[in-house]
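*Asks:* One structure coming up, written as structure tokens, with questions to follow.
Only the coordinates and a few stated rules stand behind these numbers; no lab work does. Bear in mind the structure is a predicted one, so any value in this text is a computation, not a measurement.
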Amino acid sequence: MRPVAAGAVKAAFLVLASMCAWYSGYLLAELIPDASLSSAAYNIRSLGERPVLKAPAPRRQKCDHWTACPANSYAYRLLSGGGRDKYAKICFEDELLIGEKTGNVARGINIAIVDYVTGKPIATQYFDMYGGDNSGPMMKFIQSAPSRSLLFMVTHDDGSTRLKAGAKDAIEALGSKEIRNMKFRSSWVFLAAKGFELPSGIQREKINHSDNSRNRYAGWPAEIQIEGCIPKDLR
């Protein structure tokens, strides 16, 4: 066969092969759904990707603690008020004893009494220390708490203006180190036990004074809080 003829045959063969390859691809695209092709392409791209591990959502703990209290203990969280609109809260065993949602929080010193043995609330009350003479009734309320009870105290707004010596004595007798340092609108939280001793490692009290150069709110210091776990088998 002449060289020219041989070249023409090869060229024709290449054209025919190209047309067959194109037609085969066309048929394949028509027969396979777009979704399957997209899925296959995605799977190929995913081969080189690292698997994404999603951590489970953290489980909510009692009184919004970061970590759970031991099984044989009570969880508590005390939060003072902040400014006019952030009300104080007392949470015990995931029950809101005092707060805006329960409708029993107000200006002054807010107190909740809990039976230590059963873990059940006994009484809650607030005492306005700015607009009335409530220091005496608060002292009697504190003294009425039965033996082996827990007392939780938080301020909202001002808790010092009409706080008299008798009430200070009653609170100091429960172990407060800061009650005599209270000033106008000081934020204060306090946990006390009557008739038994709390472990030394338990956070019991905190105070934050108003300071116009550092106040978070106009005329008010920042709110403060304490939280922890109280063992159920104390003597």
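*Asks:* Please list, or write none, the aspartates and glutamates whose alpha carbon is within less than 14 Å of the alpha carbon of Lys183, excluding same-chain residues fewer than 8 places away.
*Replies:* Output for Lys183: Asp157, Asp158, Asp211.
*Asks:* Next question. Kindly give the semi-axes, whole Å and largest first, of the ellipsoid equivalent to the stretch 78-139, taking each as the square root of 5 times a Cα gyration tensor eigenvalue.
*Replies:* 21, 16, 8
*Asks:* Sticking with this structure for a sec: What does the stretch 62-231 give for Rg and for Dmax, in Å, if only its C-alpha atoms count?
*Replies:* According to the Cα coordinates of the stretch 62-231, Rg and Dmax are 14.9, 45 Å.
*Asks:* Which links in Lys140/Lys206; Lys62/Lys177; Lys62/Lys206; Lys101/Lys177; Lys62/Lys120; Lys140/Lys194 stretch past 25 Å when you go from one Cα to the other?
*Replies:* Going by Cα-Cα distance, Lys62/Lys177; Lys101/Lys177 fall outside the 25 Å limit.
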